[in-house]
Each structure stands twice: as C-alpha cells, then as structure tokens.
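Asker: Just dropping this structure here.
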Amino acid sequence: MTKFWKRMAAATAMTFLIGASGANAMDIAWVHANAAAQSEQRVKAGFDAWLKEKGKDWKISLLDSGGSGERTASNLQDAASRGVDAIVITMADLRASRAALDAAIAAKIPVFTVDSGYITGVMVDITTNNWAMSSDVSPYLLNELGGKGNIIFLRMAEHHGTRKRGDVMETILKEYPDIKVLAEHNIDYTAFFEDTTSTMQDYAARFGDQINAVWAPWDEPAQAAINALTAAGLKNVKVIGIDGHPQAVAEVCKPDGLMIATVSQPFEKMGAQVGDWIEAIVEKKEDPAKVIPSKTVYLDAPLVTKQNCKDFLPK
C-alpha cells in the first residue's frame with residue numbers, strides 16, 4: 001500500500017470513529033418545572049460543569065414547563081415518545097405526571113428527579129430535607145421577633161418542598177401564641193415573582209407598619225417581598241427565605257437589610273451528582289441498586305444568618 005492510500009485509510013478510519021462517537025452520544029431530556037427559577041438554573045449549571053469536566057458530548061434537550069404541572073406531564077410524555085436515553089426532571093410537581101412517567105418506564109427510560117419528591121418509578125430524587133430546613137429557619141425568625149408580632153405567611157402548595165416547609169411553619173406557629181398571621185397567600189408559581197410583588201404591595205398598603213415579618217418559602221419571593229416593603233417605606237420588617245442564592249446571601253449580609261436568614265442549598269452539587277448517576281447507570285450499565293444509596297438522597301443545607309453569611313458568599 002502506498003503512503004497516499006495509507007493516509008486515506010487512516011483518514012477514513014478517523015472519520016468513522018468520529019461519526020460513531022457522535023452517533024453513540026447520550027441523548028438526555030431535561031424537563032424544567034420552571035426554567036425561570038434560579039434553583040433550577042443552578043442545578044443545570046452544576047450538571048453542565050460536570051459535563052465539561054468529564055469531557056462528555058451528551059446531547060441535552062431542554063423542556064420548560066413554565067410552572068405548570070400539566071405541561072410537566074406533557075414534556076415528560078414528549079421525552080418518552082422520543083426514546084431518549086435518560087430523563088432529568090427538576091423541581092416538579094409530579095402528581096399530574098403518573099401516566100407520562102409510566103410511558104417512560106414502559107420505554108425503559110430511566111428518570112432522575114431533583115427536588116421533586118420521590119414517586120414510584122423514578123430512579124432517585126436528590127434533594128435537601130425540606131422539613132429540616134424549615135425547622136431551622138422558621139423558629140429562627142419567630143425567636144428573632146421575640147416570640148410576638150404580626151407576620152405575612154407566603155406559601156406555595158404546588159411543589160413538595162415548599163409545601164413541606166409551609167406545613168412545618170404552620171406546626172411551629174402553634175407554639176407561638178403571641179404571633180399573629182395577618183395574611184396568608186399561596187404563590188402562583190407560573191409567575192411567582194410578579195404574583196408575590198403585587199400581593200405584598202397590597203399587604204403593605206393594607207397593614208402598613210403592623211407587619212413585623214414575612215415568611216417566604218424560597219428566596220425569590222422573599223426578594224419580591226423586600227422590594228415591595230422597601231418601596232412602601234417599611235424598613236423594620238424581618239424577612240426569611242430558603243435556597244441560599246448568591247443574591248439572597250448578599251441581602252442577608254447587609255447590616256440593615258430586611259432579610260435576616262436563608263438556607264444554603266447545594267444545587268450545583270445536585271446537578272453534578274445526577275451526572276454521576278447517569279454515567280454509571282445508563283452509560284456504563286452498572287446496577288442502580290449498587291450505585292444509588294436510597295430512593296431519596298438528602299444533601300446538607302446549613303442555616304445562613306447575619307452572623308455567618310460571609311462564609312456563604314461566592315469566593
């Protein structure tokens with residue numbers, strides 16, 4: 001064989017290998033409950049960083065459900081019908097998704113969820129302990145009030161985590177008879193920031209300086225509440241959130257800021273861990289029972305206050 005034909009053969013072989021590599025790349029469907037939520041963005045960022053570190057060329061298709069449980073089910077059904085290699089669902093309410101999940105299971109597509117609450121059929125749900133997070137931050141708020149005062153109680157029942165946080169707060173309130181709930185509101189998740197803003201504007205106008213505190217189920221509604229309170233000139237209100245987003249931690253660190261606490265959730269770590277599991281179970285065909293320690297995996301989430309907030313600021 002001449003040098004020319006050797007070079008041609010080598011080039012052809014390389015082209016074949018590259019083509020085969022592309023053809024065998026993993027096809028992952030990522031179903032967002034609401035891509036506008038920073039928590040979901042951070043999980044995806046952690047997954048993307050893992051992909052880059054591992055040098056993976058997986059194909060990732062993003063499906064945004066816009067806060068709708070019905071659209072989550074529809075997106076899950078779409079992913080199942082396309083026959084993807086794996087499905088990741090973040091922060092979803094899966095109660096309306098049983099039929100779609102069954103379709104994925106029937107197609108032998110493994111489903112991994114992040115902070116969506118374990119539901120039979122998924123490989124695993126990776127999350128933080130929402131009851132524990134609320135049991136940290138809720139009494140902290142009430143104790144900082146001295147056990148008395150008036151609060152606005154913002155809830156969101158459509159997500160398992162925020163629902164659990166609110167339920168814990170409701171139970172804790174029974175031990176604080178001198179705390180009065182001025183108003184309670186269930187946030188519309190399809191437009192959570194706007195809904196919280198308009199609701200708090202109304203409460204600020206109605207209750208004024210009677211408001212001593214706001215309990216918010218996660219950081220973004222807490223920030224919306226702070227914006228509305230500040231615009232109304234209410235500067236002596238204590239606000240808490242949960243998530244530990246960089247902006248929220250910075251708000252807690254402000255000496256005169258209204259936000260007094262949040263809880264730091266390791267969202268990026270959740271995304272990276274999902275990558276590890278997909279690599280092991282789907283790509284390497286390892287036994288899920290030997291890879292995943294339990295159906296629900298909890299990661300630590302420490303309380304962030306004005307005393308320790310600097311430890312949680314981005315490095």
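The values are calculated or read from the model by the stated rules, or taken from the named source; none is laboratory data. Given the structure is predicted, the values throughout are model-derived calculations rather than measurements. Backbone-built Cβ (ideal geometry, glycine too); neighbour counts: all protein chains shown. Note: accessible area is taken over every heavy atom of the protein model, side chains too, but ligands, DNA and RNA are not part of it. Shrake-Rupley method; radii C 1.70, N 1.55, O 1.52, S 1.80 Å.
Asker: Which condition breaks for Y118 when tested against (1) of a type in the set (F, W, Y); (2) open to solvent by less than 40 Å² (accessible area, probe 1.4 Å); (3) not in a helix (DSSP H, G or I)?
Answerer: Condition not satisfied by Y118: (2).
Asker: The conditions are (1) closer than 22 Å to Q38 by Cα; (2) touching a Ser or Thr at 6+ places or on another chain (Cβ under 9 Å), and M123 fails exactly one of them. Which is it?
Answerer: Failed condition: (1).
Asker: Moving on. What is the residue count in segment 54-95 for residues that are within 16 Å of S39 (Cβ to Cβ), outside any loop (DSSP other than H, G, I, E, B) and open to solvent by 10 Å² or more (accessible area, probe 1.4 Å)?
Answerer: Residues that pass the stated criteria total 2.
Asker: All but one of (1) modelled with pLDDT of 90 or more; (2) surrounded by fewer than 13 Cβ atoms within 10 Å (Cβ to Cβ); (3) small (G, A, S) hold for S21; state the number of the condition that does not hold.
Answerer: Here S21 meets the rest and fails (1).
Asker: Answer yes or no as to whether K254 is among the basic types (K, R), open to solvent by 20 Å² or more (accessible area, probe 1.4 Å) and on the phi < 0 side of the Ramachandran plot.
Answerer: yes
Asker: Also, quick follow-up: Determine which single condition Q223 fails, assuming it passes every other condition in (1) outside any helix (DSSP H, G or I); (2) open to solvent by 20 Å² or more (accessible area, probe 1.4 Å).
Answerer: Checking Q223 against (1) outside any helix (DSSP H, G or I); (2) open to solvent by 20 Å² or more (accessible area, probe 1.4 Å), the one that fails is (1).
Asker: In addition: Any residue in segment 37-49 that is touching a residue at least 60 places away in the same chain (Cβ under 8 Å), surrounded by 17 or more Cβ atoms within 10 Å (Cβ to Cβ), at negative phi and in a loop (DSSP other than H, G, I, E, B)?
Answerer: yes
Asker: Please work out which one of (1) part of a helix (DSSP H, G or I); (2) within 24 Å of Q273 (Cα to Cα); (3) touching an Asp or Glu at 6+ places or on another chain (Cβ under 9 Å); (4) without any contact (Cβ under 8 Å) to a residue 40 or more places away in the chain is the condition I109 fails and give its number.
Answerer: Only one criterion in (1) part of a helix (DSSP H, G or I); (2) within 24 Å of Q273 (Cα to Cα); (3) touching an Asp or Glu at 6+ places or on another chain (Cβ under 9 Å); (4) without any contact (Cβ under 8 Å) to a residue 40 or more places away in the chain is unmet by I109, namely (1).
Asker: Another question about this same structure. I'd like the residue in segment 89-108 that is out of contact with any helix residue (DSSP H, G or I) (no Cβ under 6 Å at 6 or more places or on another chain) and either under 17 Å from I281 (Cβ atoms) or not small (G, A, S) (or both) and, out of all such residues, is modelled with the lowest pLDDT.
Answerer: So, considering only residues that are out of contact with any helix residue (DSSP H, G or I) (no Cβ under 6 Å at 6 or more places or on another chain) and either under 17 Å from I281 (Cβ atoms) or not small (G, A, S) (or both), the one modelled with the lowest pLDDT is R95.
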